[in-house]
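In what follows, a single structure is set out as structure tokens and then discussed.
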Amino acid sequence: MSFVERFKSILIGVGIIAVGIIGLTLMIALRPEPPKEDRVELAPIVQTISVDDQSGMIHVTGSGSVGPQKEAPISAQVQGKVIRTSDHFVPGGSFRKGEVLLELDPSDYENAVAMAEAEVTQRRFEVIMAREESQIARDEWGRLKSRNPEIEAPKAGDLGSLVFREPQLKLAESALAAAEARLRDARTRLDRTRLTAPFSGQIRTKAAEIGQVLAPGQVIASLYSTDMAEIMVPLRAEEAALIDNLQSRPRARVKVGGATREGFLARIEGALDPATRSYRVVIQVPNPYLGDSPLLMGSYADVMIDAQQVDTFIEIPRLAVREGSMVWVVRDDRLHFRPIQILTQRGESAIVTAGLSSGDQLVVSTPAVVTDGMSVRTVAAR
């Protein structure tokens with residue numbers, strides 16, 4: 001085949017291909033478009049709960065360590081050797097108010113009392129004698145005056161006092177008063193050889209034994225009361241403000257382990273702590289050692305205090321509160337922002353007193369994008 005013939009064959013092939021491409025392009029261009037489907041954007045799904053009105057007691061909660069109402073060291077007030085101790089004078093021993101816990105050798109102090117009593121007796125005799133001598137002087141002056149009416153009576157002052165022996169009488173009376181004071185002191189020191197319990201309770205520690213010589217001021221034991229336990233509970237300022245009428249001693253429930261005891265709020269101690277913005281309230285529990293579940297000193301307790309009775313409130317999850325005091329509610333398939341008034345928050349809940357109504361659908365989930373008035377779909381939260 002000549003060159004010309006081959007060239008013609010090539011041109012014919014290229015032409016056929018070009019015609020095919022043009023035809024296919026026209027077919028595609030002229031093909032009718034399929035019907036367009038309407039695209040529907042679905043509203044986001046939010047989880048909601050239905051809220052209901054409630055009424056009842058609002059509580060504030062806290063925790064603290066159980067301690068005694070009264071705790072004090074007891075010390076020797078005079079020097080002496082320990083000669084006797086109570087059977088209850090042991091760590092953990094129970095005692096009653098006024099019970100003698102320890103006695104010191106009283107011999108020296110008994111002697112001092114006897115000597116002071118003797119001195120008082122002597123001084124009283126001296127006063128009697130001085131009064132008699134003063135009266136004799138007055139009687140003699142009276143007789144002298146009756147025989148010599150023109151004699152003037154001694155004028156007030158040193159001369160008159162000397163005439164009637166008044167300085168001697170005053171000196172004797174002063175000596176008697178001093179002797180009586182020494183007797184009272186001696187008796188007091190004798191009484192202090194018997195160390196008595198200042199209140200009913202138990203002994204925490206003791207530091208004295210029979211035969212030991214004690215010095216004044218030496219601590220012999222640490223005591224604590226058992227008729228009342230106290231729990232110091234820190235409360236935030238806003239929590240403390242919820243408590244109505246402290247004078248009525250609001251009820252408190254104290255839980256240690258699985259046991260619950262009844263107590264009451266006795267007082268608020270001190271002023272607001274500026275660092276923590278909290279107060280310390282004192283819960284008292286009477287007779288903490290009685291019953292099947294005694295409160296042990298030093299144990300950790302959870303406390304729930306009756307704060308105030310509220311006629312209408314709604315309790316919602318804290319996670320539903322947005323931006324401090326805002327919630328989202330759904331009405332007619334639209335999400336709305338709504339401000340609320342929170343009385344207090346406890347645990348995972350918030351107590352709402354304004355802004356919500358019974359039956360409102362409260363949003364408890366968080367969509368990716370939120371705007372006031374946006375359309376939403378709802379599902380009940382589990």
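The values are calculated or read from the model by the stated rules, or taken from the named source; none is laboratory data. The shown structure was predicted, so the numbers you read here are calculated from the model rather than taken from an experiment. All Cβ positions, glycine included, derive from the backbone under ideal geometry; neighbour counts span all protein chains shown.
Remarks
- Single match in ALA172, ALA208 (criterion: of a type in the set (A, V, I, L, M, F, W, C), buried (at least 20 other Cβ atoms within 10 Å of the Cβ) and more than 30 Å from ALA118 (Cβ to Cβ)): ALA208
For (1) surrounded by 19 or more Cβ atoms within 10 Å (Cβ to Cβ); (2) part of a strand (DSSP E or B); (3) more than 20 Å from the chain's Cα centre (by Cα), each residue gets a yes or a no:
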{"site": "GLY263", "(1), (2), (3)": "yes, yes, no"}
{"site": "LEU272", "(1), (2), (3)": "no, yes, no"}
{"site": "ALA275", "(1), (2), (3)": "no, no, no"}
{"site": "ILE283", "(1), (2), (3)": "yes, yes, no"}
{"site": "LEU290", "(1), (2), (3)": "no, no, yes"}
{"site": "VAL303", "(1), (2), (3)": "yes, yes, no"}
{"site": "GLN309", "(1), (2), (3)": "no, yes, yes"}
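- Of the residues making up segment 365-373, at least one is surrounded by 13 or more Cβ atoms within 10 Å (Cβ to Cβ), touching a strand residue (DSSP E or B) at 6+ places or on another chain (Cβ under 7 Å), part of a loop (DSSP other than H, G, I, E, B) and of a type in the set (S, T, N, Q).
- Highlighted here are the strands (runs of 3 or more DSSP E) found entirely within segment 50-90 that include at least 1 residues which are of a type outside the set (Asp, Glu) and at pLDDT 95 or above: 71-75, 80-85.
- Screening segment 328-355 for residues that are under 34 Å from the mean Cα position of the chain (by Cα) and aliphatic (A, V, I, L, M) and picking the one that is surrounded by the fewest Cβ atoms within 10 Å (Cβ to Cβ) gives ALA354.
- Tally, over segment 156-195, of residues that are in contact with a Lys or Arg (Cβ under 6 Å, 6 or more places away or on another chain) and at pLDDT 85 or above: 3
- Scanning segment 164-207 for residues that are without any contact (Cβ under 8 Å) to a residue 40 or more places away in the chain and outside any helix (DSSP H, G or I), we see that the one that is farthest from the chain's Cα centre (by Cα) is PHE164.
- Of the residues in segment 328-342, none is in contact with a helix residue (DSSP H, G or I) (Cβ under 6 Å, 6 or more places away or on another chain) and within 24 Å of THR61 (Cβ to Cβ).
- Within segment 92-140, the only residue that satisfies the criterion of being closer than 21 Å to ILE220 by Cβ, assigned to a helix (DSSP H, G or I) and of a type in the set (S, T, N, Q) is SER107.
This table checks each residue for (1) touching an Asp or Glu at 6+ places or on another chain (Cβ under 6 Å); (2) at pLDDT 90 or above; (3) not aliphatic (A, V, I, L, M).
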{"residue": "ALA240", "(1), (2), (3)": "no, no, no"}
{"residue": "LYS255", "(1), (2), (3)": "yes, yes, yes"}
{"residue": "GLY258", "(1), (2), (3)": "no, no, yes"}
{"residue": "GLY263", "(1), (2), (3)": "no, yes, yes"}
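- Residues that are among the basic types (Lys, Arg) and farther than 29 Å from ASP306 by Cα within segment 341-382 comprise ARG377, ARG382, listed in sequence order.
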